[in-house]
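> Structure in structure tokens, see below.
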Amino acid sequence: MVNRLIVVLGSGPGLGVATGSKFAAQGFDVALLARNAERLQEDVKTVQQSASNVKVHPYTVDISDHVALSETLKKVEADLGAPEIVFFNAARVGSSKIGETPPDHLLEDFKTMNIGLYTAATWAIPHLTAAAGRPGAHPSFFLSNGAIYEQPIAGFFALSMQKAAQFNFTSSLRQILGPKGVHVAVITIAAIIRDDHPVLNPKNIAAQYWNLYEQNEDSWEFNVPMGDIQELHDILRGQ
């Protein structure tokens, strides 16, 4: 029997909540991890509205602290069981300037977006591989990424660096987990997520994660691009 649980690392009122809500509506229990305890309570209420018959638990943790994150993930397992899906959505988003941004800023970015990603994957690997092959199971490790990983923007060079490293790591993870029956996939978002965007709105992107989850192994996608990075360039030029 498969434990239908999605763990969302990097909850928030946008994509994190939308993805949690989408999977809750399909019968999944949901673990929401983020730093802001007050906002997490609001996130829980929103996700719970999608399905009253599932468990939605908040976990307050600084994802940049790998020791605290590891302990929190153990608590998730103790409370809700092993995951079928792990969704890494944690990010530090902001402008940066080469020659002016302090090295400590880059270090904190790396702790959150890459050490956090590695810590989550390390915890998830045995659970996801154990679920592979069970009837009805689609064990998956998902990442939200940005097109700036391959088309960097100088004014966001730090974020571009982190997204490139995330894509690199996830590509390596796919090499390890794919042959073991675990779907590793990335949605590469090319512009700014907005509720009123015809494509890059949280609900639409969350629906794409559900599509990835439903894919059979012989049709797995790895990198799903969404949006047009030229739109992002146009927005930044207008600022």
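> For the structure I just gave you, tell me whether SER70 is among the polar types (S, T, N, Q) and out of contact with any Phe, Trp or Tyr (no Cβ under 8 Å at 6 or more places or on another chain).
Answer is no for this residue.
> Looking at the range 157-186 only, could you name the residues that are touching a helix residue (DSSP H, G or I) at 6+ places or on another chain (Cβ under 6 Å), among the aliphatic types (A, V, I, L, M) and closer than 20 Å to GLU84 by Cα?
Result: LEU173, VAL182, VAL184, ALA185, VAL186.
> I would also like to ask the following. Working only within the range 93-109, note down all residues that are buried (at least 19 other Cβ atoms within 10 Å of the Cβ) and under 24 Å from THR72 (Cα atoms).
ASP109
> Do the conditions hold for VAL30, that is, is it surrounded by 21 or more Cβ atoms within 10 Å (Cβ to Cβ), under 16 Å from the mean Cα position of the chain (by Cα), within 23 Å of GLN215 (Cβ to Cβ) and free of Cβ contacts under 8 Å to residues at least 60 places away in the same chain?
Taking the combined requirement at face value, the residue satisfies it.
> May I pose another question? Given (1) under 16 Å from the mean Cα position of the chain (by Cα); (2) at pLDDT 95 or above; (3) of a type outside the set (Phe, Trp, Tyr); (4) buried (at least 20 other Cβ atoms within 10 Å of the Cβ), identify the lone condition not met by VAL56.
(1)
> Scanning for something touching a residue at least 60 places away in the same chain (Cβ under 8 Å), surrounded by 15 or more Cβ atoms within 10 Å (Cβ to Cβ), touching a Phe, Trp or Tyr at 6+ places or on another chain (Cβ under 7 Å) and part of a strand (DSSP E or B), does the range 119-142 turn up at least one residue?
Looking through the range 119-142, at least one residue is touching a residue at least 60 places away in the same chain (Cβ under 8 Å), surrounded by 15 or more Cβ atoms within 10 Å (Cβ to Cβ), touching a Phe, Trp or Tyr at 6+ places or on another chain (Cβ under 7 Å) and part of a strand (DSSP E or B).
The values are calculated or read from the model by the stated rules, or taken from the named source; none is laboratory data. Note that this is a predicted model, so its numbers are computed, not measured. All Cβ positions, even for glycine, are placed from backbone atoms using ideal geometry, and neighbour counts span all protein chains on display.
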